[in-house]
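Q: Here it is, the structure in full.
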Amino acid sequence: EPVVSLAEVLAENEELEKEARAVLGGSDHERCSYSQGAVKRQALYACSTCTPPGGEPAGICLACSYECHGTHRLFELYTKRNFRCDCGNSKFKNLQCKLLPEKGKVNSGNKYNDNFYGLYCTCKRPYPDPEDEIPDEMIQCIVCEDWFHGRHLGAVPPESGDFHEMVCQACMNHCHFLWAYASQLAVPALTKVNSLEDEGIVLKVEESEEQKKEIKKESGVEHQETKEEKQMEQFNEPSTSSGSDFVNIYGYCGKFLQKFPVETTKTTSESSFCKLKELQTKQFLKKDTATFWPSNWRSKLCTCEDCLKMYSELEVQFLTDECDTVLAYENKGTSDQETERRDPLMDTLNSMNRVQQVELICEYNDLKTELTDYLRRFADEGTVVKREDIQHFFEEFQSRKRRRTNRMQYYCS
């Protein structure tokens, strides 16, 4: 049988704890989130026991999953945005929320999909799927927040470390404006050769000239190649606006501004400039596939008045919010958990004066030394440490401490 060392077990356990802190750390495990309204992002669950398939879909927060549904069959939904806890409302026929009994009948702002019934992807299968023998990674779309098998995205995903977020095929059709950005920002997908598809062999190949000619243009206006290249350079490189004392910077502006700091002011012409319209004058390809995006792509989206109105109409305003990302949520959860896990001894020391600090440290060192010596005997004899042994040690330790204190008091008097 394979041998696993204690160090490997601890390392694996630490990794699992790290993942749990990332996913759950930003959510409160003691208080129902209902009072917070539609939480920007939180860990959610669906209860198959209370809301089975055929009934109305409902989502519950982390605290309610522990307190109200601890013995039920739950589907883990990872995280969802702008969601308000449903636990105990009209969708739950025979259950009242133990944490916040007084709730509205429904949360009209919540959005639901097949995930709330434990089904995912375009194939509408559970995860893990006992009937699926093909190993495949599940990837979440950042628009609809459904999870997809990598093989059902219309394109072979890049390596998991090469992209940050994914937009599925249906959402790319819904957010058609993203195709104009995809040519500039998206991470190229791998291309699968049909003859090798069944064997699972993936090759990186360049697009053919015929594929490059299959171009769709939002504006329908033809432009010469030289003009397109010039416009592409203007989008990627800093450009100086004539007749003004400021510099318009697009794309990689950080390093330029650090080297040549300039004072900028908003003008009517600058605020009305639309990056999207600039990109739509260029040629770009539309495909019936998902797209994959790097970590900072959201900051490159246009935020002019017309584009903000379009985002609102399509209900994707969150795309311009860097804090909406799952990574931002995970980082916040990890940071909050690390703060909570601070050494209580150090917190106590910081609240004491110098004399008290020295006394506490001495007591701590005595306890550590005596406990180590006590436990070493069990290790040498190969016997198991029981609860009674630990209780006996602390009783003896407290007794010795009292005797030392009494002798010191008698000596001082």
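The values are calculated or read from the model by the stated rules, or taken from the named source; none is laboratory data. Every value quoted in this text rests on a predicted model; they were computed, and no experiment measured them. All Cβ positions, glycine included, derive from the backbone under ideal geometry; neighbour counts span all protein chains shown. Remember, those area values only see protein heavy atoms, side chains included, never the ligands or the DNA or RNA. Shrake-Rupley method; radii C 1.70, N 1.55, O 1.52, S 1.80 Å.
Q: For a quick check of your reading: which helices (runs of 4 or more DSSP H) sit entirely within region 337-413 and have at least 2 residues that are at pLDDT 80 or above and over 44 Å from the mean Cα position of the chain (by Cα)? Write out each step before concluding.
A: Working: elements: 344-350, 354-381, 387-412.
Qualifying helices (runs of 4 or more DSSP H): 354-381, 387-412.
Q: Residue by residue through region 291-325, note down the ones that are open to solvent by 50 Å² or more (accessible area, probe 1.4 Å), touching a Cys at 6+ places or on another chain (Cβ under 9 Å) and hydrophobic (A, V, I, L, M, F, W, C).
A: LEU308
Q: Can I ask one more? Out of region 271-305, which residues are touching a Pro at 6+ places or on another chain (Cβ under 9 Å) and either without any contact (Cβ under 8 Å) to a residue 24 or more places away in the chain or in a loop (DSSP other than H, G, I, E, B) (or both)?
A: ALA290
Q: Would you call LYS98 open to solvent by 50 Å² or more (accessible area, probe 1.4 Å) and among the charged types (D, E, K, R)?
A: In short, yes.
Q: Going through region 253-284 one residue at a time, which ones are exposed (fewer than 14 other Cβ atoms within 10 Å of the Cβ) and either under 25 Å from LYS309 (Cα atoms) or modelled with pLDDT of 50 or more (or both)?
A: If the condition is that a residue be exposed (fewer than 14 other Cβ atoms within 10 Å of the Cβ) and either under 25 Å from LYS309 (Cα atoms) or modelled with pLDDT of 50 or more (or both), then THR265, LYS266, THR267, THR268, SER269, SER271, SER272 are the ones that fit.
Q: Considering ALA58, ALA46, which residue is assigned to a strand (DSSP E or B) and touching a residue at least 24 places away in the same chain (Cβ under 8 Å)?
A: Values: ALA58 fails: assigned to a strand (DSSP E or B).
On inspection, the qualifying residue turns out to be ALA46.
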